[in-house]
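*Asks:* One structure follows; several queries about it will come next.
The values are calculated or read from the model by the stated rules, or taken from the named source; none is laboratory data. The model shown is predicted, which means the values in this text are computed figures rather than measured ones. Positions of Cβ are backbone-derived with ideal geometry, glycine not excepted, and every protein chain shown enters the neighbour counts. All accessible areas refer to the heavy atoms of the entire protein, side chains included, with ligands and DNA or RNA removed. Shrake-Rupley method; radii C 1.70, N 1.55, O 1.52, S 1.80 Å.
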Amino acid sequence: QVQLVESGGGLVQAGGSLRLSCAASGSIFRVNDMGWYRQAPGKQRELVATITSGGETNYADSVKGRFTISRDNAKNTVSLQMNSLKPEDTAVYYCNAAVRRTPSLRILDLWGQGTQVTVSS
């Protein structure tokens with residue numbers, strides 16, 4: 001069984017920084033795209049940032065220049081460095097990964113359990 005385990009998050013004042021990490025564990029052949037999404041109360045889940053296995057990144061306009069996504073392919077991990085945090089960044093952040101367990105099995109779209117990020121004004 002493959003799962004994503006997140007760490008990081010918490011409470012920070014506006015202008016502060018936090019770092020989220022996510023590790024894919026289990027029997028894994030390859031991890032393709034990885035990313036972070038967030039969901040604020042009463043809102044739909046939205047993309048924050050994604051990164052391909054080759055290192056190509058994509059960011060939501062609202063976080064460009066403040067957040068940085070990175071990954072370690074050898075460890076199957078993805079991180080999100082969040083700087084200059086704003087109260088509107090408050091949300092539950094979810095890790096996402098496209099995982100192939102063997103060369104012949106279909107790709108699994110996996111989600112982490114979510115971690116709360118709260119930015120106080």
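*Asks:* Over what distance in Å are the Cα centres of the range 73-116 and the range 1-26 separated?
*Replies:* 8
*Asks:* Same structure, new question: In Å², and per residue, what accessible area does the chain have when probed at 1.4 Å with the other protein chains present?
*Replies:* 54
*Asks:* Please turn the phi angles of the range 9-26 into ³J(HN,Hα) values with the Karplus equation 6.51 cos²θ - 1.76 cosθ + 1.60 (θ = phi - 60°), one per residue in order, whole Hz, x for glycine and proline.
*Replies:* Result, rounded to whole Hz: x, x, 10, 8, 7, 4, x, x, 10, 9, 10, 9, 10, 8, 10, 8, 10, x.
*Asks:* Restricting to DSSP loop positions (anything but H, G, I, E, B) with no more than 13 other Cβ atoms inside 10 Å of their own Cβ, which chymotrypsin sites (Phe, Trp or Tyr not before Pro) remain in the range 1-81? Walk me through the numbers before you get to the answer.
*Replies:* Values: sites: F29, W36, Y37, Y59, F67; in loops: F29.
Qualifying residues, ordered by number: F29.
*Asks:* Rounded to the nearest 20 debye, what is the charge dipole size of the chain about its Cα centre when +1 sits on each Lys and Arg Cβ and -1 on each Asp and Glu Cβ?
*Replies:* The dipole of the chain has a size of about 200 debye.
*Asks:* So what's the Cα pair-distance distribution over the chain, bin width 5 Å, in %?
*Replies:* P(r) for the chain, in whole percents per bin: 2, 12, 23, 24, 18, 10, 6, 3, 1, 0.
*Asks:* Keeping the other protein chains in place, figure out the carbon and sulfur percent of the accessible area of the chain, with a 1.4 Å probe.
*Replies:* The computed percentage sits at 45.
*Asks:* I would also like to ask the following. Quick one: 3J(HN,Hα) in Hz for the range 54-70, Karplus 6.51/-1.76/1.60 with θ = phi - 60°, rounded, Gly and Pro as x.
*Replies:* With the stated coefficients, the range 54-70 comes to x, x, 6, 10, 9, 10, 5, 4, 5, 10, 4, x, 10, 10, 9, 9, 8 Hz.
*Asks:* Identify the trypsin sites (Lys or Arg not before Pro) of the range 10-85 meeting these criteria: DSSP loop state and at most 16 other C-beta atoms within 10 Å of the C-beta.
*Replies:* Values: sites: R19, R30, R38, K43, R45, K64, R66, R71, K75; in loops: K43, R45, K64, R66, K75.
Those satisfying the criteria are K43, R45, K64, R66, K75.
*Asks:* Relative contact order (percent) for the chain, with alpha-carbon contacts under 8 angstrom and 6 or more residues of separation?
*Replies:* So the answer I get is 36 percent.
*Asks:* State the volume of the convex hull built on the alpha-carbon positions of the range 1-70, expressed per residue in Å³ and rounded to an integer.
*Replies:* Convex hull volume per residue, Cα atoms: 117 Å³.
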